[in-house]
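For reference, the structure discussed in these notes is given below.
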Amino acid sequence: MRHVREIETDRLKLRRLCVADGARISQWTSDPAVARMTCRIPLPHPVVAAEGFVLITRARRDHVFAVDLRDEGLIGVIGAHPTATGAHEIGYWFGRPFWGQGYASEALSAFLSEAEDLGALEAGHFVDNPASGRVLEKAGFAYTGEQALKFSMARGQSAPSRRMLRPAVRRLDEARRAAHAG
């Protein structure tokens, strides 16, 4: 992914995380309803742990963004992390007051428009979170048919997860050049 600093939509701004985001991250992810839908967020999620997450993602140069709502500030986080296979896995969460308002779909669409050079993308969601599956489907992800147990730190145990893939998307101008070159 090109080094993108900010992505703007009508309602949201996606920007690089900073250590000062730790308090807001901790605030939203200390809600059991939010943390239980993730694999790696502990419960409770102290500010120092959230700050550590920010520092690690910045050091690794992961493609992770704060999602800011105008006049509200950070309401969630979205990003792509490299996997052991060399692919990238999409992940996101939003504070519970912001669920069901289209923010996840809007942020994911904007993120993916800048992440086309990451190639095929993986994602997944816990079976008891079908709303996340609908967000991913709208963004072009399809179910693989694979269901696996994934560990959730907040749950303290593994839970069934459905796996999804989104094929690599080439930019329109690259596709046109390739068509004219042949």
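For segment 1-156, what % of the accessible area comes from carbon and sulfur atoms, probe 1.4 Å?
After summing per-atom areas, the C and S share lands at 54 percent.
If you filter segment 67-163 for trypsin sites (Lys or Arg not before Pro), then keep DSSP loop positions with at most 12 other Cβ within 10 Å, what is left?
Sparse-neighbourhood loop trypsin sites (Lys or Arg not before Pro): R70.
With +1 on the Cβ of every Lys and Arg and -1 on the Cβ of every Asp and Glu, and nothing else charged, how large is the dipole of the chain about its Cα centre, in debye rounded to the nearest 20?
240 debye
Calculate for the chain the 222 nm mean residue ellipticity that helices alone would give, adding -39,500 (n - 2.57) per DSSP H run of length 4 or more and normalising by residue count, nearest 500 deg cm²/dmol.
My calculation for the chain gives -9000 deg cm²/dmol from helical runs alone.
Quick one: grab the alpha carbon gyration tensor of segment 30-147, order the square roots of its eigenvalues as a ≥ b ≥ c, and give me rounded if a/c is under 1.5, else prolate or oblate depending on whether a/b is larger than b/c.
Rounded.
Rounded to the nearest 0.05, what FRET efficiency do F98 and V48 give with R0 = 22 Å and r taken as the Cβ-Cβ distance? Could you check?
Here the calculated transfer efficiency is 0.35.
Based on the Cβ-Cβ distance from A159 to E6, what FRET efficiency comes out when R0 is 30 Å, to the nearest 0.05?
In this case the efficiency is close to 0.30.
The values are calculated or read from the model by the stated rules, or taken from the named source; none is laboratory data. Note that the structure is predicted; figures quoted are calculated from it, not measured. Note that each Cβ is placed from the backbone with ideal geometry, even for glycine, and that neighbours are counted across all protein chains shown. Only protein heavy atoms, including side chains, enter the accessible area calculation; ligands, DNA and RNA are left aside. Shrake-Rupley method; radii C 1.70, N 1.55, O 1.52, S 1.80 Å.
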